[in-house]
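Asker: Supplied in structure tokens, the structure appears directly below.
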Amino acid sequence: MEGQRLKDCYEREAARTGVPWQRRDYHRDDFSAGDAPNQGVTAAAQCMYGIAHAVVAALGCSPGLGFVHSGHERSFVMDVADFYKTDVAIPAAFDAAAEGKEEVSARTRRMLRDRINETGLLDRCVRDIKDLTRLRRHPRHDRHPSGPRHPPVRWRPPRRKRPQP
């Protein structure tokens with residue numbers, strides 16, 4: 001299901017931008033071996049993993065707690081990054097590739113940065129993770145425009161039992 005969703009997105013973006021697309025071709029040891037759209041997609045994916053990891057860590061969630069991905073120390077990070085891959089990352093990669101073959105990865109990162117700011121992706125990411133992990137407690141606490149506000153938690157030291165005489 002996820003694979004088909006990505007394939008459909010690659011084909012849609014190739015048609016939209018006019019960038020030729022054959023297939024996803026990632027060379028772990030040789031980034032430059034990929035064609036322009038593949039370099040852009042790789043650069044965009046790496047950026048999305050970094051963003052997702054930052055938000056996951058900031059919220060105090062475990063990066064390894066995967067729902068779709070599993071068995072990796074960053075499974076949850078990959079799950080979160082995948083939420084936005086077809087909306088934000090892949091379109092930026094294809095737009096960067098459409099501008100030329102040189103410096104595709106740098107152009108992709110700049111375009112992605114701009115889209116993240118324009119779409120409010122970080123706030124959206126926080127809300128989505130809170131919804132997914134049920135960190136939102138109750139609608140009455142959602143008073144702040146940037147997201148939910150939880151009631152303050154007060155830490156109290158445990159009471160010690162006094163020894164009986």
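The values are calculated or read from the model by the stated rules, or taken from the named source; none is laboratory data. For clarity, every value in this text was computed on a predicted model and none was experimentally measured. Glycine gets a Cβ as well: all are built from the backbone with ideal geometry, and neighbour counts include every protein chain shown. Note: accessible area is taken over every heavy atom of the protein model, side chains too, but ligands, DNA and RNA are not part of it. Shrake-Rupley method; radii C 1.70, N 1.55, O 1.52, S 1.80 Å.
Asker: For a test of the definition: using alpha carbon positions, the gyration tensor, and the 1.5 limit on a/c, classify segment 1-101 as rounded, prolate or oblate.
Answerer: Prolate.
Asker: Mind checking which aspartates and glutamates have their C-alpha under 13 Å from LYS7, skipping anything on the same chain fewer than 8 residues away?
Answerer: Output for LYS7: ASP25.
Asker: Another one. On a full-extension model of 0.36 nm per residue, what is the gain between ASP35 and ASP87, subtracting their alpha-carbon distance, rounded to one decimal in nm?
Answerer: Details: separation 52, 0.36 × 52 = 18.72 nm, distance 2.15 nm.
Taking 0.36 nm per residue and subtracting the Cα distance, the gain is 16.6 nm.
Asker: Continuing with the same structure: Quick one: accessible surface of PHE83, probe radius 1.4 Å, all protein chains present, in square angstrom to the nearest 10.
Answerer: 80
Asker: While we're looking at this one, here's another question. Among CYS61, CYS9, what's the order by accessible area (1.4 angstrom probe), most exposed first?
Answerer: Result of the area sort, largest leading: CYS61, CYS9.
Asker: Could you order SER105, SER75, SER32, SER62 so the one with the most accessible surface comes first? Probe is 1.4 Å.
Answerer: Order by accessible area, largest first: SER32, SER62, SER105, SER75.
Asker: Within 12 Å, Cβ to Cβ, of MET111, how many net charges do the neighbouring residues add up to if Lys/Arg are +1 and Asp/Glu are -1?
Answerer: Here the charged neighbours net out to 0.
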